[in-house]
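**Q** I have a structure I would like to understand better, so I am pasting it below and will then ask my questions one at a time.
The values are calculated or read from the model by the stated rules, or taken from the named source; none is laboratory data. None of these values were measured; they are calculated from a predicted model. Every residue, glycine as well, gets a Cβ built from its backbone with ideal geometry; the counts of neighbours run over all protein chains shown.
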Amino acid sequence: MSFAGASRGSCHFQSERIGRVSRRSVLAMAGMGLGAPFIARPARAADITWRLGHIAPTDFALHVRLVEAAGEIASRTDGKMRLEVYGNGELGSSAGLFAQLRAGKLDVVPMTNQLLAANLALAALPMLGFAFTGYDGVWTALDGELGGFIRRQIKERLGLIAMDRCWNFGFRQVTTSGKVVKTAADIEGMRLRTPPEAELVDLFQALKALPVAMPLGDLAKALNSHAVDGQEGVLPLVKAARLGRYQTVCALTNHVWDGHWMCVGGKSWAKLPDNLQQIVADALNGGGLSQRKDTMDAEASFKHALEATGMTFNAVDVGSFRSALRKVGYYSRWQTKIGDDGWASLEKYSGRLV
């Protein structure tokens, strides 16, 4: 569901490639208009040096805003503390970065909800199918009680300190070669390409679609030959992979969302005096707010560009999808897995799901 690793240790963006369009170029598009980034490694010696690793390309908005945050930390501490930002998987895979963070070899790692969910099931709460209809709901929940609940559990169970503002990866949409999808009934029986993540396959099976897990490199051929009727993914993928050659309709389902919590190692955090903790938190939280807007602006730009090629977009009846999932026990299964406290925190913002 994101470029950070899934529960199997990697995700579909990490190794898939379609034609000449790589994971790097797909994700880089979300950094449009931000200028050329760089890796923040100040030459001046500092009293405290932290290392941050992530796997996004260095021209992706996530990296650019992290570099800016590093600059803010250096400036506000008069160079006494520096944050070195290593992108593009330079320090390892997403799963490897997580392991290094917990072992104290790294100080900060952006962690997707999906990667966290491999070790902390309730981290999957923001990603449940059709839990949120748009960004307003996501940010209200994650900046409120739901986010606070998740952050407390990350600290108590994983020993990590998650900053208050979750960064954005985006919502996933459904495209087809012509069929308009507005209700859950419209997707029944549809042969829909999905990545191999079990959570996505399970969601579409619950909706009575026919999910076909395949590498991204095989998608164009499958769409062209009508071996599948459509696909699901984020808009940067649709644009970068030129899926408009085979897909003419996009249903703005917003069926799954994911983002990144900026997680700091517990030991690293405890060593910082209160004033430096505040500076680090301000920089990373402020960068998160800017990156959220970057991503949403980029998505709007991608939608406009796709419309210019002839792709049409339509809203969906979220209630019909929730009803279909409720009838087959999708939400009940997750409630049992998550627990009543976490579920109550989610439904405070999503409305009643079970």
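**Q** Answer with yes or no whether Ala198 is surrounded by fewer than 17 Cβ atoms within 10 Å (Cβ to Cβ) and either under 28 Å from Arg326 (Cβ atoms) or touching a His at 6+ places or on another chain (Cβ under 6 Å) (or both). Can you show your working first?
**A** Details: surrounded by fewer than 17 Cβ atoms within 10 Å (Cβ to Cβ): yes; either under 28 Å from Arg326 (Cβ atoms) or touching a His at 6+ places or on another chain (Cβ under 6 Å) (or both): yes.
Considered against the rule, which asks whether it is surrounded by fewer than 17 Cβ atoms within 10 Å (Cβ to Cβ) and either under 28 Å from Arg326 (Cβ atoms) or touching a His at 6+ places or on another chain (Cβ under 6 Å) (or both), Ala198 comes out as yes.
**Q** Here are Ala123, Ala99, Ala141: which of them is small (Gly, Ala, Ser) and over 16 Å from the mean Cα position of the chain (by Cα)? First the steps, then the outcome.
**A** Values: Ala123 fails: over 16 Å from the mean Cα position of the chain (by Cα); Ala141 fails: over 16 Å from the mean Cα position of the chain (by Cα).
On inspection, the qualifying residue turns out to be Ala99.
**Q** For the stretch 221-232, which residues satisfy the criterion of being more than 21 Å from Asp186 (Cβ to Cβ) and either in a loop (DSSP other than H, G, I, E, B) or not polar (S, T, N, Q) (or both)? Talk me through it step by step, then tell me what you get.
**A** Within the stretch 221-232, the subset more than 21 Å from Asp186 (Cβ to Cβ) is 221, 224-225.
Matches in the stretch 221-232: Lys221, Ser225.
**Q** Does any residue in the stretch 245-263 that is in contact (Cβ under 8 Å) with a residue 60 or more places away in the chain and under 25 Å from Ala222 (Cα atoms) come within less than 8 Å, Cβ to Cβ, of a residue that is part of a loop (DSSP other than H, G, I, E, B) and basic (Lys, Arg) six or more places away or on a different chain, and which pairs are these?
**A** Val249/Lys179; Ala251/Lys182; Thr253/Arg172; Asn254/Arg172; His255/Arg172; Val256/Arg172
**Q** Right, next: With respect to Ser320, is the statement that it is crowded, with 18+ Cβ neighbours inside 10 Å and either modelled with pLDDT of 95 or more or acidic (Asp, Glu) (or both) true? Explain how you work it out, then say what you get.
**A** On the way: crowded, with 18+ Cβ neighbours inside 10 Å: no; either modelled with pLDDT of 95 or more or acidic (Asp, Glu) (or both): yes.
So Ser320 does not fit the description; no.
The rows are residues; the columns are (1) in contact with a Pro (Cβ under 9 Å, 6 or more places away or on another chain); (2) farther than 22 Å from Lys271 by Cα; (3) without any contact (Cβ under 8 Å) to a residue 12 or more places away in the chain.
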site: Ile48; (1), (2), (3): no, no, no
site: Asp59; (1), (2), (3): yes, yes, no
site: Leu66; (1), (2), (3): yes, no, no
site: Thr77; (1), (2), (3): no, no, no
site: Glu84; (1), (2), (3): yes, no, no
site: Ala99; (1), (2), (3): no, no, yes
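**Q** OK, next. Pull up the stretch 98-120, narrow it to residues that are part of a loop (DSSP other than H, G, I, E, B) and not polar (S, T, N, Q), then point me to the one that is modelled with the lowest pLDDT.
**A** Taking the stretch 98-120 as the starting set, the residues that turn out to be part of a loop (DSSP other than H, G, I, E, B) are 104-107, 118-120.
With not polar (S, T, N, Q) added as a condition, the list becomes 104-107, 118, 120.
Numbers: Gly104: 97, Lys105: 98, Leu106: 98, Asp107: 98, Ala118: 90, Leu120: 95.
Filtering first and then ranking leaves Ala118.
**Q** Another question, then. For the stretch 130-158, enumerate the residues that are buried (at least 19 other Cβ atoms within 10 Å of the Cβ), under 16 Å from Asn285 (Cβ atoms) and small (Gly, Ala, Ser).
**A** Passing the criteria: only Gly147.
**Q** Further question on the same structure: Can Met190 be described as of a type outside the set (D, E, K, R), in contact (Cβ under 8 Å) with a residue 40 or more places away in the chain and closer than 24 Å to Lys327 by Cβ?
**A** On the way: of a type outside the set (D, E, K, R): yes; in contact (Cβ under 8 Å) with a residue 40 or more places away in the chain: yes; closer than 24 Å to Lys327 by Cβ: yes.
Yes.
**Q** Something else: Restricting attention to the stretch 85-117, report how many residues are of a type in the set (Asp, Glu), within 23 Å of Ile154 (Cβ to Cβ) and surrounded by fewer than 24 Cβ atoms within 10 Å (Cβ to Cβ).
**A** Taking the stretch 85-117 and keeping what is of a type in the set (Asp, Glu), we get 90, 107.
Applying the additional criterion that residues be within 23 Å of Ile154 (Cβ to Cβ) yields 107.
Checking which are surrounded by fewer than 24 Cβ atoms within 10 Å (Cβ to Cβ) leaves us with none.
Residues that pass the stated criteria total 0.
**Q** For residues that are among the basic types (Lys, Arg) and under 30 Å from Leu160 (Cα atoms), scanning just the stretch 281-314, find the one that is surrounded by the fewest Cβ atoms within 10 Å (Cβ to Cβ).
**A** So in the stretch 281-314, the residues among the basic types (Lys, Arg) come out as 292-293, 303.
Filter once more, so that each one left must be under 30 Å from Leu160 (Cα atoms): 292-293.
On the way: Arg292: 20, Lys293: 13.
Among those residues, the one meeting the criterion is Lys293.
**Q** Restricting to the stretch 223-239, count the residues that are under 18 Å from the mean Cα position of the chain (by Cα) and small (Gly, Ala, Ser).
**A** 1
**Q** Only one residue in Asp258, Asp218 is out of contact with any helix residue (DSSP H, G or I) (no Cβ under 6 Å at 6 or more places or on another chain) and either crowded, with 17+ Cβ neighbours inside 10 Å or in a helix (DSSP H, G or I) (or both). Which one? Before you say what the answer is, go through the steps one by one.
**A** Working: Asp258 fails: out of contact with any helix residue (DSSP H, G or I) (no Cβ under 6 Å at 6 or more places or on another chain).
Result: Asp218 is the single residue among Asp258, Asp218 that is out of contact with any helix residue (DSSP H, G or I) (no Cβ under 6 Å at 6 or more places or on another chain) and either crowded, with 17+ Cβ neighbours inside 10 Å or in a helix (DSSP H, G or I) (or both).
**Q** Right, Asp294: within 30 Å of Ala69 (Cα to Cα), among the acidic types (Asp, Glu) and modelled with pLDDT of 95 or more or not? Before you say what the answer is, go through the steps one by one.
**A** Numbers: within 30 Å of Ala69 (Cα to Cα): yes; among the acidic types (Asp, Glu): yes; modelled with pLDDT of 95 or more: yes.
Judged against the criteria, Asp294 is a match.
**Q** Next question. Tally time: how many residues in the stretch 261-280 are in contact with a strand residue (DSSP E or B) (Cβ under 6 Å, 6 or more places away or on another chain), buried (at least 24 other Cβ atoms within 10 Å of the Cβ) and in a helix (DSSP H, G or I)?
**A** 0
**Q** Further question on the same structure: For the stretch 70-97, which residues satisfy the criterion of being more than 16 Å from Asp282 (Cα to Cα), part of a helix (DSSP H, G or I) and of a type in the set (A, V, I, L, M)?
**A** Ala95, Leu97 - these are the residues of the stretch 70-97 that are more than 16 Å from Asp282 (Cα to Cα), part of a helix (DSSP H, G or I) and of a type in the set (A, V, I, L, M).
**Q** Moving on to the next point. Looking at Leu219, is it at pLDDT 95 or above and more than 19 Å from the chain's Cα centre (by Cα)?
**A** Details: at pLDDT 95 or above: no; more than 19 Å from the chain's Cα centre (by Cα): yes.
No.
One line per residue, one yes/no per condition, for (1) closer than 26 Å to Met296 by Cβ; (2) surrounded by 22 or more Cβ atoms within 10 Å (Cβ to Cβ); (3) at pLDDT 95 or above:
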site: Leu160; (1), (2), (3): no, yes, yes
site: Val174; (1), (2), (3): yes, yes, yes
site: Gly178; (1), (2), (3): no, no, no
site: Lys208; (1), (2), (3): no, no, yes
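**Q** Given the structure, is Lys337 among the basic types (Lys, Arg) and either within 22 Å of the chain's Cα centre (by Cα) or surrounded by 13 or more Cβ atoms within 10 Å (Cβ to Cβ) (or both)? Spell out how you get there, then give the answer.
**A** Numbers: among the basic types (Lys, Arg): yes; either within 22 Å of the chain's Cα centre (by Cα) or surrounded by 13 or more Cβ atoms within 10 Å (Cβ to Cβ) (or both): yes.
So Lys337 fits the description; yes.
**Q** State yes or no: is Ala315 closer than 30 Å to Gly71 by Cβ and of a type outside the set (S, T, N, Q)? Spell out the reasoning first.
**A** Working: closer than 30 Å to Gly71 by Cβ: no; of a type outside the set (S, T, N, Q): yes.
Spelling it out, it is not the case that Ala315 is closer than 30 Å to Gly71 by Cβ and of a type outside the set (S, T, N, Q).
**Q** Out of (1) on the phi > 0 side of the Ramachandran plot; (2) of a type in the set (S, T, N, Q); (3) at pLDDT below 95, the odd one out for Asn88 is which?
**A** All conditions pass for Asn88, except number (3).
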